[in-house]
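*Asks:* Below is one structure. I have some questions about it.
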């Protein structure tokens, strides 16, 4: 199937021209809308043109009105309710020993399909881990990784190599936060404490091909949608930054989670039923704002 316009039903409203981010749609001298053949390759299948076309006259390769679109309902949430929803969300690190029904997990994953993306809608992939035995094995490997990280940072040569191989932000996070905590045994799961996955019944891992365009930003947006969807079901969740680096550096972890060798883990989410209920939220200091 190719990108096409049904000229018999097209009413020439030009909305597709207005919303296409790559200006693929154009109008000829007679007013007929057409697809510029020199720009079609830039189509990222965002679906804007098909979503706005009243007569459903546009077909983008890989998309169909029956399978990929449904009519929008009027927005039924006011701004105060939405802000209250955000205020009630907390990062949850204490969970009940209770399984999450697969039906709910599927709905959370479905919610990520509404997330915007930079280039490819297929990135990132999501791995959902519910198997307790696999999680326990993984935690031991992660614990060992962070014990080794302390040794690597302590060694001047390996510290230098680590600093050269990552950006300043990541290096500062490692040296100022992760390593000091790891030195105290905070991530040592051998003692019976789980300060990595927090004994959550489910871990979601967001990963993509290492060279996939915009996959890091896509994963950040995708995990945010999943986090908010999780909250809407009365579940608790936290985005965990400790899990992806360990997966990317420990081959056994990647194999355990069945993540393709060519992929890198970008984000992870722990989720489950909250063990405790918070009585209040915290309003943090207003961020520095620069009005121009």
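*Asks:* Compare 76, 68, 209 in a GNM of the chain, Cα atoms joined below 10 Å, and give the one with the largest fluctuation.
*Replies:* In this elastic network of the chain, the residue with the biggest mean-square fluctuation among 76, 68, 209 is 76.
*Asks:* What translational D, rounded to a whole number of µm²/s, comes out for segment 82-292 from Stokes-Einstein when the hydrodynamic radius is the Kirkwood one over Cα pairs, at 37 °C and 0.692 mPa s?
*Replies:* So the translational diffusion coefficient is about 178 µm²/s.
*Asks:* Suppose R0 equals 22 Å. What FRET efficiency, 1/(1 + (r/R0)^6) with r the Cβ-Cβ distance, do residue 279 and residue 193 give to the nearest 0.05?
*Replies:* Working from the Cβ atoms, E equals 0.30.
*Asks:* Same structure again: To test your reading of the geometry: what angle, between 0 and 90 degrees and rounded to tens, separates the Cα axis of helix 102-111 from the longest principal axis of the chain?
*Replies:* 60
*Asks:* Oh, and also: To the nearest Å, what is the center-to-center distance of segment 201-230 and segment 238-264, using C-alpha atoms only?
*Replies:* After rounding, the separation between the Cα centres reads 13 Å.
*Asks:* A follow-up question, please. Packing-wise, with mean Cβ within 10 Å as the measure, how do 113-120, 25-32 rank, highest first?
*Replies:* Packing order, densest peptide first, comes out as 113-120, 25-32.
*Asks:* Quick one: compute the contact order of segment 80-231, relative version, from alpha carbon pairs under 8 angstrom and 6+ residues apart, as a percent.
*Replies:* 46
*Asks:* Just to confirm the number: angle between the C-alpha axis of helix 156-165 and the first principal axis of the chain, 0 to 90 degrees, nearest 10?
*Replies:* On a 0 to 90 degree scale, this one is about 10.
*Asks:* Highest GNM mean-square fluctuation, the chain, Cα pairs closer than 10 Å: which of 220, 153, 239?
*Replies:* 153
*Asks:* With each run of n ≥ 4 DSSP H residues scored as -39500 (n - 2.57), what mean residue ellipticity at 222 nm is computed for the chain after dividing by its residue count and rounding to the nearest 500 deg cm²/dmol?
*Replies:* One gets -10500 deg cm²/dmol as the mean residue ellipticity at 222 nm.
*Asks:* Using a 10 angstrom cutoff on alpha carbons, build the Gaussian network for the chain and name the most mobile of 59, 230, 173.
*Replies:* Result for the chain, Cα springs under 10 Å: 173 fluctuates most.
*Asks:* Using just the C-alpha positions of segment 1-122 as equal point scatterers, what log10 of I(q)/I(0) does the Debye formula give at each q in 0.10, 0.11, 0.14, 0.17 1/Å?
*Replies:* Per q value, in the given order, log10 I(q)/I(0) is -0.48, -0.56, -0.78, -0.98.
*Asks:* Output the relative contact order of the chain, whole-number percent, from Cα pairs under 8 angstrom with separation of 6+ residues.
*Replies:* Relative contact order of the chain: 22 percent.
*Asks:* If packing is taken as the mean number of other Cβ atoms within 10 Å per residue, what is the order of 135-141, 34-40, highest first?
*Replies:* Averaged packing, sorted descending, gives the order 135-141, 34-40.
*Asks:* How many angstrom lie between the C-alpha centres of segment 9-72 and segment 153-185?
*Replies:* Here the answer is 49 Å between Cα centres.
*Asks:* Could you work out how far helix 215-232 tilts from the main Cα principal axis of the chain, as a 0 to 90 degree angle to the nearest 10?
*Replies:* The two axes meet at around 80 degrees.
*Asks:* Let me ask something else. What ranking do 241-250, 188-197 get when scored by the average of other Cβ atoms within 10 Å per residue, highest first?
*Replies:* Top to bottom by mean Cβ count within 10 Å: 241-250, 188-197.
Values in this text are rule-based calculations from the coordinates and carry no lab data. These figures come from a predicted structure and were not determined experimentally. Cβ atoms come from the backbone with ideal geometry, glycine included; neighbour counts cover every protein chain shown.
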